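Asker: One structure coming up, written as structure tokens, with questions to follow.
Nothing in this text is a laboratory measurement; each read-out follows from the coordinates by a stated rule. What you see is a predicted model; the values in this text were computed from it and never measured. Methodologically, a virtual Cβ is constructed for each residue, glycine included, from the backbone with ideal geometry; neighbour enumeration extends over all protein chains shown.
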Amino acid sequence: MKDKFSLTKEQNIFVAKRNIVDYIYKSARLEGIHVTFPETQSIFDGIGVNGVKVEDIIKINNLKRAWQFMLDTLDRLTDFDYLCRLNTIIGSEGSIYGAGKIRAYDVKISGTNWQPQIPFEYDVRNEIADILKMKSKTERAITLMLWGMRRQIFIDGNKRTSMMISNKEMINHGCGIISIPSEKIKSFYDLLIKFYETNNMEKIKNFVYENCIDGLNF
């Protein structure tokens, strides 16, 4: 899988910071948080917003903090411990029960009867290490994201956490940003459910590659 963008790390950081509110907005929409872009911008800027649930405001602020943490720690190792730290931030202020701790309970996935197995730290660590050996940097990041979404390592916030850590890899290697456009969410979810049930990632991986990578040609 060829990299769509060949940016320097500094250029990719610029792209991320320039569009950070848009990425937070799209992540919120992917999680079913019904906010508009202007509302997301206001929350990001610390301005009060009427008509938005307090728990949704907390989730958006947590995404802001997770992005800021990730951009400040790009040089840290991409591993299980980093993944847990991201989930801790994304689930802070009580928005996720047991945030940052590996899941020890069964969970149900909306839209399918498929259930993920209980994850074990040893396996998760090895699986992350194996993915990071992939040659294509963009394919590596997409695979890491989709693996995390299906693996369901945490009680909640797996999509947000997985996308965040994959974007750490994208930025570090100048490959752009993975972000699911609002108009593509339904198609993405349809493919995600099929991926959950079959563990065949090719269709959804190609969909993300074709439709969900953002960047600039400097």
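Asker: How do the helices (runs of 4 or more DSSP H) wholly within the stretch 1-72 filter down when requiring 2 or more residues that are farther than 20 Å from Thr161 by Cβ and of a type outside the set (A, V, I, L, M): which remain? Lay out the reasoning, then the answer.
Answerer: Details: elements: 9-18, 20-30, 37-44, 54-72.
Hits in the stretch 1-72: 9-18, 37-44.
Asker: Within the stretch 202-218, can you find the residues that are surrounded by fewer than 19 Cβ atoms within 10 Å (Cβ to Cβ) and part of a loop (DSSP other than H, G, I, E, B)?
Answerer: Answer for the stretch 202-218, where residues must be surrounded by fewer than 19 Cβ atoms within 10 Å (Cβ to Cβ) and part of a loop (DSSP other than H, G, I, E, B): Leu216, Asn217, Phe218.
Asker: Name the residue, out of Met170, Met149, Met134, that is in contact with a strand residue (DSSP E or B) (Cβ under 7 Å, 6 or more places away or on another chain) and aliphatic (A, V, I, L, M).
Answerer: On the way: Met149 fails: in contact with a strand residue (DSSP E or B) (Cβ under 7 Å, 6 or more places away or on another chain); Met134 fails: in contact with a strand residue (DSSP E or B) (Cβ under 7 Å, 6 or more places away or on another chain).
Just a single option satisfies the conditions, and that option is Met170.
Asker: Report yes if Met164 is within 18 Å of Ile24 (Cα to Cα), aliphatic (A, V, I, L, M) and within 10 Å of the chain's Cα centre (by Cα), otherwise no. Break it down into steps so the answer makes sense when it comes.
Answerer: Working: within 18 Å of Ile24 (Cα to Cα): yes; aliphatic (A, V, I, L, M): yes; within 10 Å of the chain's Cα centre (by Cα): yes.
Criteria met by Met164.
Asker: Suppose we filter the stretch 87-142 for residues that are surrounded by fewer than 18 Cβ atoms within 10 Å (Cβ to Cβ), within 23 Å of Ile213 (Cβ to Cβ) and among the polar types (S, T, N, Q); how many remain?
Answerer: 1
Asker: Now a separate question. Identify, please: which residue in the stretch 43-56 is surrounded by 11 or more Cβ atoms within 10 Å (Cβ to Cβ) and over 17 Å from Lys26 (Cβ atoms) and is, among those, farthest from the chain's Cα centre (by Cα)? Outline the logic, then answer.
Answerer: First pass over the stretch 43-56, keeping only residues surrounded by 11 or more Cβ atoms within 10 Å (Cβ to Cβ): 43-44, 49, 52-53, 55-56.
Now narrow it down to the ones that are over 17 Å from Lys26 (Cβ atoms): 49, 53, 55.
Details: Val49: 25, Lys53: 22, Glu55: 19 Å.
My answer is Val49.
Conditions tested, residue by residue: (1) farther than 12 Å from Thr78 by Cβ; (2) more than 12 Å from the chain's Cα centre (by Cα).
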{"residue": "Asp123", "(1), (2)": "yes, yes"}
{"residue": "Ala129", "(1), (2)": "no, yes"}
{"residue": "Leu132", "(1), (2)": "no, yes"}
{"residue": "Thr138", "(1), (2)": "yes, yes"}
{"residue": "Ala141", "(1), (2)": "no, no"}
{"residue": "Leu144", "(1), (2)": "no, no"}
{"residue": "Gly148", "(1), (2)": "no, no"}
{"residue": "Lys159", "(1), (2)": "yes, no"}
